[in-house]
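Peer 1: The structure's right below; bear with me while I get my questions together.
The values are calculated or read from the model by the stated rules, or taken from the named source; none is laboratory data. No experiment lies behind these values; they were computed from the predicted model shown. In this analysis, Cβ positions are derived from the backbone assuming ideal geometry, glycine residues included, and neighbour counts consider all displayed protein chains.
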Amino acid sequence: MNINERMPFAGRNSLVEEKRRLEARVSQLEEEMDEEHVELEQMSEKARKSAAQVYYSLSSSGVLVFISSGMIVSRTLVSAAKVC
């Protein structure tokens, strides 16, 4: 005897509806999570740019600043001249 034979029709119907409701909720949560991810990426990029601007403005000499993969890499022009 399988579950469909043991469970009355009304019980099966409510399980199907519950499954649909849960699937819709999961879909909604996935969309919200995607939106949050985009917002966090935008905020992170803004923070990286702001940090680079602050670093540059606090420097006493010219600075080359490269932002790559979220890391701020910099060299003062004096240091760069010594390397070259």
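Peer 1: Here are S61, S50, S69: which of them is under 22 Å from the mean Cα position of the chain (by Cα) and modelled with pLDDT under 65? First the steps, then the outcome.
Peer 2: Working: S61 fails: under 22 Å from the mean Cα position of the chain (by Cα); S50 fails: modelled with pLDDT under 65.
The match here is S69.
Peer 1: Are there any pairs with C-beta distances below 6 angstrom linking a residue in the stretch 10-34 that is among the polar types (S, T, N, Q) to a residue that is modelled with pLDDT of 95 or more, with the two at least 6 apart or on different chains, and if so which?
Peer 2: No pair meets every condition.
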